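Asker: Can you keep this structure in mind? I'll have questions shortly.
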Amino acid sequence: MDIEEEIRSLQLDSAEESNGLVNPEDGKPEEVDKSTKIDEDPKQEVQPQLVQADEPKVKDKETPPVKDEKDDLEMKKRHVNVVFIGHVDAGKSTTGGQILFLSGQVDERTIQKYEKEAKDKSRESWYMAYIMDTNEEERVKGKTVEVGRAHFETEKTRFTILDAPGHKSYVPNMISGASQADIGVLVISARKGEFETGYEKGGQTREHVQLAKTLGVAKLLVVVNKMDEPTVQWSKERYDEIESKMIPFLKQSGYNVKKDVLFLPLSGLNGANIQTRVDRSICPWWDGPCLFEALDSVELPTRDPQAAFRMPIIDKFKDMGTVVMGKVESGTAREGDSLLVMPNKDHVKVVAIFIDEDRVKRAGPGENLRIRLSGVEEEDILSGFVLSCVESPIPAVTEFVAQLQILELLDNAIFTAGYKAVLHIHSVVEECEIVELLHQIDPKTRKPIKKKVLFVKSGAGVVCRVQVSNTICIETFSRFPQLGRFTLRTEGRTIAVGKVTGL
């Protein structure tokens, strides 16, 4: 009894000292208490921890809530952005719709409604695409225009689907989709004639692959769709033919085919080989993974949650304050943080952070966020601005040095100082001019050639100085690959891809 009493009195003493934090069960009210405090004054929690870290009592008091948050983050599934790219009508939206249906994001009734709508427009096979193509213009034309967004989960991963438009007039929209993606799913139609049109010069399959590589989509799943088509009927010959034609091209675009590319057959319309492996009776020769397994098994480079915070803004709107949207490229944002909106150097405070519909206390790299800010007006923000930490803000420049790979120039034009194009870098779209060609790159050795160069032609590599009309926020490729790759386009065609080598 004496021992028990002693323990109890000790507990009471320590409870008085540490504010009632005796055991984990009692820790919970403390935690709630803490969170209300955080809302009132976010600095309250941080300061004691930084200043008095050497005092054990204070440290004990401060640690548990933070630790819970850490565990919470570890328990969460990893988050991956997947962009669907490929030629118009390859079946990107249909495959995306089928994924959402199979993973339970869309119910039967909605599907029946879409089926009826599609039948009324005499487009029976489009009903799955309606899940992704939500606005009327897209449904009437049967073409995706904007980048559709949707979410689904597998056992290990939370995915955001970005359904990029395949039509060539909407490539700028596709660029904004691919610049947020971690994995690309290149959808190819196996139907006779459709693969060929998408793949030939001027087809979107080629352009999309080149863009995806430049925009930092490191891993590619090449999905051969429409395998159930009467002209194909799960034919291994057709599948092999497509694979053999795509591999050399993917290598040429810079993909390591063994490590970063995976081919698989499926049918977006009837859902074969998407969630479960395709039945042997339908397709006896395929023993590889289904799409969900393939997506789950893709390994992604780890991003540093402790690094300097960077979030390119892709959209903004008013909602009880100014709300900006974007994907965190590095670092972590917390409620109550002070950040900078670059290049205008507006000091802002994070009022609230949302992932999808859920409000969270903090969010790390790779997440798509909506952040509510105070201290800045919505009209003072443009897409392409970058939310960055105050300690090391992102550089804002009007001129930079870049290494370019020229793909193909319009009508055999030559590429020289004075050449004008449109620059796409993360979420920035800006007109630019080539001020000076510094030197050409030897295609064999990948080293600069010493001789002075005045112009180059299609297919050349060159280092040059680029000037933009407005200040933009970029990083060098070596420091932040995501914020240092870009494409140059002119008159609706991608003419060059490149990386920023100096600011």
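The values are calculated or read from the model by the stated rules, or taken from the named source; none is laboratory data. Since we're looking at a predicted model, the values are computed, not measured. Cβ placement follows ideal geometry from the backbone for every residue including glycine, while neighbour counts extend to all protein chains displayed. To get the accessible areas, we keep the full protein, side chains included, count just its heavy atoms, and leave off ligands, DNA and RNA. Shrake-Rupley method; radii C 1.70, N 1.55, O 1.52, S 1.80 Å.
Asker: Read phi for every residue in region 101-116 and hand back ³J(HN,Hα) as whole Hz from Karplus 6.51 cos²θ - 1.76 cosθ + 1.60, θ = phi - 60°, with x for Gly and Pro.
Answerer: Taking θ as phi minus 60°, the curve returns 5, 5, 8, x, 8, 10, 8, 3, 5, 4, 4, 4, 4, 5, 4, 5 Hz for region 101-116.
Asker: Shape of region 78-297 from its Cα gyration tensor (a ≥ b ≥ c, root eigenvalues): rounded if a/c is under 1.5, otherwise prolate when a/b > b/c, or oblate? Don't skip to the answer; put the middle values down first.
Answerer: Details: a/c = 1.25, a/b = 1.15, b/c = 1.09.
Rounded shape, in that the Cα axes give a/c under 1.5.
Asker: Moving on to the next point. What's the carbon and sulfur percent of region 78-297's accessible surface, probe 1.4 angstrom, rounded to a whole number? Walk me through the intermediate numbers first.
Answerer: On the way: 4390 of 9060 Å².
The value for region 78-297 is 48 percent carbon and sulfur by accessible area.
Asker: Sorting Arg489, Arg446 by accessible area (1.4 Å probe), largest first, what list results? Each step should come with its number before you reach the end.
Answerer: Details: Arg489 15, Arg446 140 Å².
Sorted descending by solvent-accessible area, the residues read Arg446, Arg489.
Asker: At 0.36 nm per residue, and after removing the present C-alpha to C-alpha distance, how many nm does the segment from Glu408 to Lys77 gain when stretched out fully? Intermediate values should be presented prior to the final figure.
Answerer: Details: separation 331, 0.36 × 331 = 119.16 nm, distance 4.15 nm.
So the chain would gain 115.0 nm between Glu408 and Lys77.
Asker: Find the relative contact order for region 310-389 and round it to a whole percent, using C-alpha pairs within less than 8 Å whose residues are 6+ positions apart. List each step's numbers first, then the result.
Answerer: On the way: 203 pairs, mean separation 32.9, N = 80.
Worked out over region 310-389, it gives 41 percent.
Asker: How much of the calculated P(r) for region 189-347 lies past 24 Å, in percent of all Cα pairs? Spell out each step's value before the answer.
Answerer: Details: 6472 of 12561 pairs.
Taking all Cα-Cα pairs of region 189-347, the fraction more than 24 Å apart is 52 percent.
Asker: Compute the distance from the alpha-carbon center of region 459-503 to that of region 272-325, in whole Å.
Answerer: Centre-to-centre (Cα) distance: 26 Å.
Asker: Additional query: Set Lys and Arg Cβ to +1 and Asp and Glu Cβ to -1, take the dipole of region 78-297 about its Cα centre, and tell me which of Pro248, Asn273, Pro289 lies farthest positive.
Answerer: Ranked along the dipole, the leading option is Pro248.
Asker: Can you compute log10 of I(q)/I(0) for region 297-433 with the Debye formula, treating each Cα as one identical point scatterer, at q = 0.14, 0.18 Å⁻¹?
Answerer: Computed log10 I(q)/I(0) values: -0.70, -0.99.
Asker: Let me ask another. Can you pick out the pairs among Lys219/Lys259; Lys213/Lys236; Lys213/Lys258; Lys213/Lys316; Lys316/Lys420 whose Cα atoms lie more than 18 Å from each other? The partial results should precede the final answer.
Answerer: Working: Lys219/Lys259 8 Å; Lys213/Lys236 28 Å; Lys213/Lys258 15 Å; Lys213/Lys316 27 Å; Lys316/Lys420 29 Å.
With Cα atoms farther than 18 Å apart: Lys213/Lys236; Lys213/Lys316; Lys316/Lys420.
Asker: While we're here: I want to check the label-to-label distance for Arg493 and Asp296. Put each point 7 Å from Cα in the C-beta direction and report it in nm to one decimal.
Answerer: For the pair Arg493/Asp296, the computed spacing is 4.5 nm.
Asker: At 1.4 Å probe size, put Thr197, Thr322 in order of accessible surface, largest to smallest.
Answerer: Working: Thr197 80, Thr322 5 Å².
From most exposed to least exposed: Thr197, Thr322.
Asker: Right, another one. Using only the alpha-carbon atoms, what does region 310-389 span along each of its principal axes? Please give whole angstrom values in decreasing order.
Answerer: Extents along the principal axes, in whole Å: 26, 25, 21.
Asker: Please report the antiparallel percentage of the DSSP beta bridges confined to region 78-297, to the nearest 5. Don't skip to the end; give the middle numbers.
Answerer: Values: 7 of 30 bridges.
If we restrict to bridges inside region 78-297, about 25 percent are antiparallel.
Asker: Now for a different question. Give me the compactness ratio for region 427-503, meaning the Cα radius of gyration over 2.2 N^0.38 Å. Don't skip to the answer; put the middle values down first.
Answerer: On the way: Rg = 13.0 Å, N = 77, 2.2 N^0.38 = 11.5 Å.
Rg over 2.2 N^0.38 Å, computed on Cα atoms: 1.14.
Asker: Taking the Cβ of Glu378 as the center, what net charge do the other residues with Cβ under 10 Å away carry, scoring Lys and Arg +1 and Asp and Glu -1?
Answerer: Details: positive: Lys316, Lys318; negative: Asp319, Glu377, Glu379, Asp380.
Neighbourhood net charge equals -2.
Asker: If you take the Cα atoms of region 344-503, find Rg, then find the Kirkwood Rh from the mean of 1/r over all pairs, what is Rg/Rh?
Answerer: Values: Rg = 18.4 Å, Rh = 17.5 Å.
Across region 344-503, the Cα-based Rg/Rh ratio is 1.05.
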